[in-house]
Amino acid sequence: MPGGARPIVVDNGSTDRSAEVAREHGATVVAEPRRGFGAACWAGLQAAEADVVAFMDADASLDPGDLHLVVDPVAAGEADLVVGARVAARGSWPPHARLANRVLAGQVRRRTGLALADLGPLRAARREELLALGIEDRRSGWPLEMVLRAQRAGWRVEGVPVPYHPREGRSKVTGTVRGTATAIGDMSRILRRI
């Protein structure tokens, strides 16, 4: 891992041997029985000990070598939350998911004034401050709730471009229209609540 990072992989019901592969490569594996992106992120955050923490999908769509793009500005004190804006390679992002993300990012810009083009999964912040935000969602609303709570708390939130590649395997969220619809429902609920 870059810069001596300590990888933590959260397994919340994977059936593809990812937990076993992660252990074989030296990662700490945390079991989280609850399904959901937010549940996995929360479990990883609880297990982390570093001052600055980063989140990313472990499906090969994001390269761990790019973590510095979101981590460095936080570590240098230039930003409090850095979110990777996906620069998608051909075939890496289904049109329905890309459209849903574009609409959501537009709503966030209108509501908050934050100049974010994407609410992607690659992001970094300081651990203690992130815990103190009190993020409640444990499903697909986690990334949106993090941004909204951070903005409300006066954090400096920045977006940076990050390469985005075709994933390995099929996504439960963006890989199906139903999964995307569920994520939109989760995020709509967050937008109404916060």
* Hey, does the range 14-30 have a residue that's open to solvent by less than 40 Å² (accessible area, probe 1.4 Å), modelled with pLDDT of 95 or more and not hydrophobic (A, V, I, L, M, F, W, C)? -> no
* Please specify each residue of the range 104-148 satisfying the condition of being among the aliphatic types (A, V, I, L, M) and more than 16 Å from V53 (Cα to Cα). => L104, A105, V108, L114, A115, L116, A117, L119, L144, L148
* Structure fact -> Filtering strands (runs of 3 or more DSSP E) wholly in the range 1-67 for at least 1 residues that are within 30 Å of T182 (Cα to Cα) and in contact (Cβ under 8 Å) with a residue 24 or more places away in the chain gives 8-11, 52-55
* Hey, could you check the range 114-130 for residues that are under 24 Å from D63 (Cβ atoms) and among the charged types (D, E, K, R) and say which is most open to solvent (accessible area, probe 1.4 Å)? => R126
* To do: Considering every residue within the range 149-159, establish whether at least one is in a strand (DSSP E or B), in contact with a Pro (Cβ under 7 Å, 6 or more places away or on another chain) and buried (at least 17 other Cβ atoms within 10 Å of the Cβ).
  => yes
* Restrict the check to the range 14-27 and report whether at least one residue is under 20 Å from V162 (Cα atoms) and of a type outside the set (V, I, T). => no
* Among the residues of the range 114-163, how many are aromatic (F, W, Y) and within 13 Å of the chain's Cα centre (by Cα)? -> 1
* **Residue pairs meeting the criteria (Cβ under 9 Å; at least 6 apart or on separate chains; first among the basic types (K, R), in the range 79-97; second open to solvent by 10 Å² or more (accessible area, probe 1.4 Å) and assigned to a strand (DSSP E or B))** => R86/P161; R86/P163; R86/Y164
* **Scope the range 77-113; condition within 13 Å of V160 (Cβ to Cβ) and either open to solvent by 10 Å² or more (accessible area, probe 1.4 Å) or outside any strand (DSSP E or B) (or both); matching residues** => E78, A79, A85, R86, V87
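The values are calculated or read from the model by the stated rules, or taken from the named source; none is laboratory data. Here the structure is a predicted model, which is why all the values come from computation and not from measurement. Note that we place each Cβ from the backbone using ideal geometry, even for glycine, and neighbour counts take in every protein chain shown. Note: areas computed on protein heavy atoms with side chains; ligands, DNA, RNA excluded. Shrake-Rupley method; radii C 1.70, N 1.55, O 1.52, S 1.80 Å.
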